[in-house]
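Working notes, beginning with the structure itself.
The values are calculated or read from the model by the stated rules, or taken from the named source; none is laboratory data. Just so it is clear, the model here is predicted, and its values are computed rather than measured. Ideal geometry is used to build each Cβ from the backbone, glycine not excepted, and the neighbour counts take in all protein chains shown.
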Amino acid sequence: MDKIRVNGIKLYAYHGVLSAEREIGQYFLVDCVIHTDLRPAGQSDEVNDTINYADVYDVIEAEVIIEPVNLIEHLAEKIATAIFKGFAKAQKLEIKVTKPSPPIDGSYENVSVEIVREREN
């Protein structure tokens, strides 16, 4: 199956279990892979025959900034649900949410979760 990738979306939000995370906030990164059939768009050269990645960005942005959640696992699930709801052509999703600065003592680059979801019929 073909894929559309929207990678490295960087948004400031207030997610986390700790009150300090919800007060101060931090940047979150989102990577999204949408599995879909790109043949119609490849043949027609019409944006209406594909999933517009600008619209995907808008959906992800809304889910990330609108309401704080405790877990990035929950945030990833919300993003997947919203994309399936908004884009009928999306058949399978890979959503990765990265938290670059979690409150963990130690040396690390970041933490992330990645979920894979298929459209339920």
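Yes/no per residue for (1) of a type in the set (S, T, Y); (2) crowded, with 17+ Cβ neighbours inside 10 Å; (3) within 15 Å of L11 (Cα to Cα):
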position	(1), (2), (3)
K89	no, no, no
L93	no, yes, no
T98	yes, yes, yes
N121	no, no, no
List the residue pairs whose Cβ atoms are under 6 Å apart, where the first residue sits in region 68-83 and is more than 16 Å from C32 (Cβ to Cβ), the second is surrounded by 14 or more Cβ atoms within 10 Å (Cβ to Cβ), and the two are 6 or more positions apart or on different chains. P68/Y14; P68/H15; P68/R22; V69/H15; V69/L75
Matching residues, region 1-33, being closer than 12 Å to A90 by Cα and in contact with a helix residue (DSSP H, G or I) (Cβ under 7 Å, 6 or more places away or on another chain): I4, C32
Number of the condition not met by K89 [criteria: (1) within 16 Å of K3 (Cβ to Cβ); (2) free of Cβ contacts under 8 Å to residues at least 40 places away in the same chain]: (2)
Hey, among the residues in region 31-67 that are in contact (Cβ under 8 Å) with a residue 40 or more places away in the chain and farther than 21 Å from K96 by Cβ, which one's surrounded by the most Cβ atoms within 10 Å (Cβ to Cβ)? T50
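Does K78 satisfy the criteria of being in contact with a strand residue (DSSP E or B) (Cβ under 7 Å, 6 or more places away or on another chain), charged (D, E, K, R), surrounded by 15 or more Cβ atoms within 10 Å (Cβ to Cβ) and at pLDDT 95 or above?
Numbers: in contact with a strand residue (DSSP E or B) (Cβ under 7 Å, 6 or more places away or on another chain): no; charged (D, E, K, R): yes; surrounded by 15 or more Cβ atoms within 10 Å (Cβ to Cβ): yes; at pLDDT 95 or above: yes.
Taking the combined requirement at face value, the residue does not satisfy it.
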